[in-house]
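K.L.:
One structure follows; several queries about it will come next.
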Amino acid sequence: MSKFELKLPRMGESVAEATLTSWLKEVGDTIEMDEAIFEIATDKVDSEVPSEVDGVLVEKRFHVDDVIKVGDTVAVIELNDGAEAPEVEKEEEEEALEEEMVAAAEQALSTAKDTVSNPTPNYAGSERFYSPLVKNIAKEEGVSFSELESISGTGKDGRVTKNDILAYVQQKRKPEVTTSAPVPADTPPVQQEVRTVAMDTPKETAQEAAPVKVSGGDEVIAMSRMGKLIAKHMVDSVSTSAHVQSFIEVDVTNIVNWRNKMKVSFEKQEGEKLTFTPIFMEAIAKALKKYPMMNISVDGDSVIKKKNINIGMAAALPDGNLIVPVIKNADQLNLVGMAKVVNDLANRSRNNELKPDEVQDGTYTVTNVGTFGSVFGTPIINQPQVGIMALGAIRKIPAVIETSEGDFIGIRSKMYLSHSYDHRVVNGALGSMFAKAVADYLEAWDINREI
């Protein structure tokens, strides 16, 4: 019987390696084509790697927490009788190698840029190898270069694994036991209390949050790694950007009626469900094209105006966390194309099947708080972007309808758009005009539009 070597596939630009987080199959297990064999993690996303053939798993080349480079053989599969391993043309192999080299070069360039613009240590001067996952955790948790060097690694060749760095961070957070200085017996009780506090409390604790009391019936739940990263990202964003919000009410009656009329035929024709999301994304992409200074990032004292309009779409995960897949070149998609991309990214987000490059390079973000019944929200900017829009719930409400024959009260479908923007570089006029442009595109929807 012939054997097939399952290699770590390319996972997008700037991703040259990944950490093996778990094996989904054991040696001796029968495997079908496209069945997941193991799980990997980069500093951006976790994903499963499927088999390219039918057969039996006969060898594992790496252990959990090992760092694997793109192109490395991870598993060996013995093919079923009569099956043939898929052939890879020489030209494809050369192309794959070239792409890997480009990815490695881009990774090095990105690291160099971080070194210049960010005072956070990049650990490049070490003789030890640190995976992107370990370095990202160290950076997020504020672990210094010297601290990282002092951690004893349990991985292959003494490498520091994900569990090693997380264990160090957890140990670092444990409060140190301190002792009070002796207090003379004749010191009054109040002075004794003041002196004890002054000696026992480190200066840093004056700025820390008060400890939370836990009673007997309370359940203590540890935050997941992703949850901690999101929490830090949100706090950093509020510390970085001067958040300000603009709100606008939008009449989407024509859109609601048009979608109700078209959704059945759209699904039959395109094989996709027609939700409101691609309609809103189309309007926001048009507004970004009209107001390109909302499609920017801040780098120190400079503003970078982005050439591409890449809209991030916040998606809820089953565990309650959020991930933001990115619709690349959103302004170049028609409504059918937008619907296909939105549905695909949403489905693969829920199933943890996104590729690393699909959550990178966003220039503006949209979050749909209306999905959970919220009328509007005040979302936090996704750094290093300068704006994010929240879509509120669509509700039927009584409204004044103006006509040439006079005003009257009618039932209309309306929603709120909440626009959060960075007041360091986006003034109130631009922030409000951008939100108004999105509203105008939605309210001008053609009820007779064809797919």
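The values are calculated or read from the model by the stated rules, or taken from the named source; none is laboratory data. Just so you know, these numbers come straight off a predicted model, no measurement behind them. Because the Cβ atoms are built from the backbone with ideal geometry, glycine has one as well, and the counts that use them run over all protein chains shown.
K.L.:
How many of the residues making up region 22-70 are assigned to a strand (DSSP E or B), in contact (Cβ under 8 Å) with a residue 60 or more places away in the chain and among the β-branched types (V, I, T)?
P.N.:
Residues that pass the stated criteria total 2.
K.L.:
Test of understanding: among S237, S265, S241, S246, which residue is in contact with a Lys or Arg (Cβ under 8 Å, 6 or more places away or on another chain) and not basic (K, R)?
P.N.:
Of S237, S265, S241, S246, the one residue that is in contact with a Lys or Arg (Cβ under 8 Å, 6 or more places away or on another chain) and not basic (K, R) is S241.
K.L.:
State yes or no: is I309 assigned to a helix (DSSP H, G or I) and closer than 17 Å to M338 by Cα?
P.N.:
Judged against the criteria, I309 is not a match.
K.L.:
Right, here's the next one. Just checking, which of N310, N329 is at positive phi, under 19 Å from the mean Cα position of the chain (by Cα) and free of Cβ contacts under 8 Å to residues at least 60 places away in the same chain?
P.N.:
Within the list N310, N329, the selection yields N329.
K.L.:
What tally of residues in region 387-413 results from selecting those that are assigned to a strand (DSSP E or B), surrounded by fewer than 23 Cβ atoms within 10 Å (Cβ to Cβ) and of a type outside the set (K, R)?
P.N.:
Residues that pass the stated criteria total 14.
K.L.:
May I pose another question? For the subset of region 336-372 comprising residues that are farther than 18 Å from N382 by Cα and part of a loop (DSSP other than H, G, I, E, B), which member is modelled with the lowest pLDDT?
P.N.:
If we take residues in region 336-372 being farther than 18 Å from N382 by Cα and part of a loop (DSSP other than H, G, I, E, B), then N352 is modelled with the lowest pLDDT.
K.L.:
While we're looking at this one, here's another question. Find the helices (runs of 4 or more DSSP H) located wholly in region 225-298 whose residues include 1 or more that are touching a Ser or Thr at 6+ places or on another chain (Cβ under 7 Å), and list them.
P.N.:
Result: 253-270.
K.L.:
Can you tell me which residue among Y416, Y441 is assigned to a helix (DSSP H, G or I) and hydroxyl-bearing (S, T, Y)?
P.N.:
Y441
Residues checked against (1) more than 19 Å from A435 (Cβ to Cβ); (2) loosely packed, with under 15 Cβ neighbours inside 10 Å; (3) not assigned by TED's automatic domain parsing to the domain that holds V438:
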| site | (1), (2), (3) |
| --- | --- |
| P318 | yes, yes, no |
| I327 | yes, no, no |
| D331 | no, no, no |
| L345 | yes, no, no |
| R348 | yes, no, no |
| T363 | no, no, no |
| V369 | no, no, no |
| F372 | yes, yes, no |
| P379 | no, no, no |
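K.L.:
While we're looking at this one, here's another question. Looking at region 35-52 only, could you name the residues that are among the aliphatic types (A, V, I, L, M) and modelled with pLDDT of 90 or more?
P.N.:
I37
K.L.:
So which of V56, V74 ends up being over 21 Å from K355 (Cβ atoms) and either modelled with pLDDT of 90 or more or crowded, with 18+ Cβ neighbours inside 10 Å (or both)?
P.N.:
V56
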